[in-house]
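Quick one: structure below, then a few questions.
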Amino acid sequence: MNRNNFTVLRGGLLDTADTSEKIFESAYVTNTRLMGVISMYIHFKLPDNPTMSDLHQFFYFDAEEYGFETYRSLLGDDPEALEDISRSMISGLGGENVPITLREAMSLLQEYIRFNRQAKLPLPDGFTEYEFLLRQSITLTEPERYVLMKKQCCQIHTSCERINYFLMRVFGRDFSVAAFLTDGACQLDEFPSFKAATLCKNHIEPGDTPNSYICESLVEFDDHYHITISTVQTNDSQITEFSRISDFKVSPAEASMMLSRSEFITVFELLDLPESFTKTATQKTTMAMIHPHESGTLYMLFHPDNKHVNKWEYRLNDDVMGMYFISNGGQLLCAAYTIDDIRALEHDLSNSSFAKKLIPTAKYEFQEPVLYEFIQSGFEEFNTFVDAIRTGEES
């Protein structure tokens, strides 16, 4: 095991730790760099403080816009608290945790701190807790940088997966990682007038020659939408050519139509107060991201991986498995975009300790998503909201 000693600086969380030494235990990074974000974890032992002998640090990095965005830490050994932080920082990324060395961890932290300073972005709270990781400047060799990048990137299995990841990085103007997917010779900046953009949708079709593909992409930046047409050439493991054919603007309404899809919603009446539905109510809610609203609480559920990238038609939001919404009106709404996912969420509820407190009252299939509209509508009962929609459509 790679073990290193450091002197603890006073301040922040560590003010409570009567210790002058930290011993590096382990670190890992998520292999989600091709999605544009990663989380990193570092664990130190504090031998001078037997009652709080562990320091756990979590870092969240956004390579496109926000840089070093979030920092959280835990002093001591509280498995439940540690799992809660881990879920909030890592579970929504859909990747795996890959072990890294302390040298690699320090290099990543220093890289994103430089990002923030160059972009004039504030660093997250807790600087005095991680400042000691900046005291020794780390400069990786090219082979070391390659190894670290490999650890941050998932294994790619198909041409469509490689193309989708490549276009995400290109439109995000994340060219150093886009180049990692190429043979090093192809042009990357084919859309120089674009700011860093989000790839909302991408449709891939075979081109006229072997291993060539035509991509129709819907991208967004600064609330503007463009449809781009480009060609990509691949071999078994790399992008070898990339060229622009055309691009044109589309309105937000046109983009919304392109992204529209069915939404399946099952309505349950609650036999208990909404407060009794907690993050541990079902197997899937333990990994949920929770979003409070004035009208209730939304539990966002993600697929445990990023297999949605491995499709000939990629959609940004296909990483969402579904949603549970607990309304202030005493209803639980179960929503998903596919039959398989809505059935999986219903099964999750039926096998929970909460199942006896639920009465299914209605099932709906809508041609476009309506859950968010309901959440913002001011209606307390979903059935009443649906009746209002139908009345509006008929009038």
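The values are calculated or read from the model by the stated rules, or taken from the named source; none is laboratory data. Being a predicted model, the structure only gives us computed values, none of them experimental. Glycine also receives a Cβ, built like all others from the backbone with ideal geometry; neighbour counts cover every protein chain displayed. These accessible areas exclude ligands, DNA and RNA; they are computed on the full protein's heavy atoms, side chains included. Shrake-Rupley method; radii C 1.70, N 1.55, O 1.52, S 1.80 Å.
Is it the case that some residue within the stretch 201-213 is open to solvent by 60 Å² or more (accessible area, probe 1.4 Å), part of a loop (DSSP other than H, G, I, E, B), within 20 Å of GLU254 (Cα to Cα) and not β-branched (Val, Ile, Thr)?
Step one: filter the stretch 201-213 for residues open to solvent by 60 Å² or more (accessible area, probe 1.4 Å), giving 203, 205-206, 208-211.
Keeping just the survivors that are part of a loop (DSSP other than H, G, I, E, B) gives 208-211.
Checking which are within 20 Å of GLU254 (Cα to Cα) leaves us with none.
No - not one qualifying residue is present in the stretch 201-213.
Hey, can you tell me all the residues within the stretch 177-200 that are outside any loop (DSSP other than H, G, I, E, B) and either more than 22 Å from LEU316 (Cβ to Cβ) or among the basic types (Lys, Arg) (or both)?
Of everything in the stretch 177-200, those that are outside any loop (DSSP other than H, G, I, E, B) and either more than 22 Å from LEU316 (Cβ to Cβ) or among the basic types (Lys, Arg) (or both) turn out to be ALA179, THR182.
Continuing with the same structure: Take the stretch 330-347 and flag every residue that is surrounded by 15 or more Cβ atoms within 10 Å (Cβ to Cβ) and of a type in the set (Val, Ile, Thr).
Matches in the stretch 330-347: THR338, ILE342.
Considering only the stretch 278-290, I want to know if a residue exists there that is open to solvent by less than 40 Å² (accessible area, probe 1.4 Å), among the β-branched types (Val, Ile, Thr) and in a loop (DSSP other than H, G, I, E, B).
There is at least one residue in the stretch 278-290 that is open to solvent by less than 40 Å² (accessible area, probe 1.4 Å), among the β-branched types (Val, Ile, Thr) and in a loop (DSSP other than H, G, I, E, B).
Give the residues of the stretch 179-222 that are within 30 Å of SER260 (Cα to Cα), of a type in the set (Gly, Ala, Ser) and free of Cβ contacts under 8 Å to residues at least 40 places away in the same chain, sorted by residue number.
SER193, ALA197, GLY207, SER212
Moving to a separate point now. Tell me, which strands (runs of 3 or more DSSP E) lie completely within the stretch 309-395 with 2 or more residues that are among the aliphatic types (A, V, I, L, M) and under 21 Å from TYR299 (Cβ atoms)?
320-327, 331-336, 358-366
In the stretch 251-261, is there at least one residue being open to solvent by less than 60 Å² (accessible area, probe 1.4 Å), among the charged types (D, E, K, R) and in contact with a helix residue (DSSP H, G or I) (Cβ under 8 Å, 6 or more places away or on another chain)?
Scanning the stretch 251-261 turns up no residue that is open to solvent by less than 60 Å² (accessible area, probe 1.4 Å), among the charged types (D, E, K, R) and in contact with a helix residue (DSSP H, G or I) (Cβ under 8 Å, 6 or more places away or on another chain).
In this structure, is LEU358 touching a residue at least 60 places away in the same chain (Cβ under 8 Å), of a type in the set (A, V, I, L, M) and surrounded by 14 or more Cβ atoms within 10 Å (Cβ to Cβ)?
yes
Check off (1) loosely packed, with under 14 Cβ neighbours inside 10 Å; (2) of a type outside the set (Gly, Ala, Ser); (3) more than 17 Å from ASN328 (Cβ to Cβ) for THR384 and give me the number that stays unchecked.
(3)
Out of all the residues in the stretch 93-130, which are farther than 17 Å from PHE68 by Cα and either modelled with pLDDT of 95 or more or open to solvent by 20 Å² or more (accessible area, probe 1.4 Å) (or both)?
GLY95, GLU96, ASN97, VAL98, PRO99, ILE100, THR101, LEU102, ARG103
Starting from residues that are over 17 Å from THR266 (Cβ atoms) and of a type in the set (D, E, K, R), keep the ones in the stretch 374-395 and report whichever is farthest from the chain's Cα centre (by Cα).
Selected residue: GLU394.
Sticking with this structure for a sec: Taking the condition of being within 19 Å of THR240 (Cβ to Cβ) and touching a strand residue (DSSP E or B) at 6+ places or on another chain (Cβ under 6 Å), how many residues in the stretch 135-166 meet it?
Residues that pass the stated criteria total 5.
Only one of these is closer than 30 Å to THR361 by Cβ and open to solvent by less than 40 Å² (accessible area, probe 1.4 Å): PHE221, PHE191, PHE242, PHE264. Name it.
So the residue among PHE221, PHE191, PHE242, PHE264 that is closer than 30 Å to THR361 by Cβ and open to solvent by less than 40 Å² (accessible area, probe 1.4 Å) is PHE264.
Is the stretch 143-150 home to any residue that is open to solvent by 10 Å² or more (accessible area, probe 1.4 Å), out of contact with any Cys (no Cβ under 9 Å at 6 or more places or on another chain) and not in a helix (DSSP H, G or I)?
No; the residues of the stretch 143-150 include none that is open to solvent by 10 Å² or more (accessible area, probe 1.4 Å), out of contact with any Cys (no Cβ under 9 Å at 6 or more places or on another chain) and not in a helix (DSSP H, G or I).
Give the residue that is modelled with the lowest pLDDT, with candidates limited to residues of the stretch 238-277 that are within 30 Å of LEU345 (Cα to Cα) and assigned to a helix (DSSP H, G or I).
The qualifying residue modelled with the lowest pLDDT is PRO274.
Among SER327, SER350, which is surrounded by fewer than 18 Cβ atoms within 10 Å (Cβ to Cβ) and of a type in the set (S, T, N, Q)?
When all the criteria are applied, what remains is SER350.
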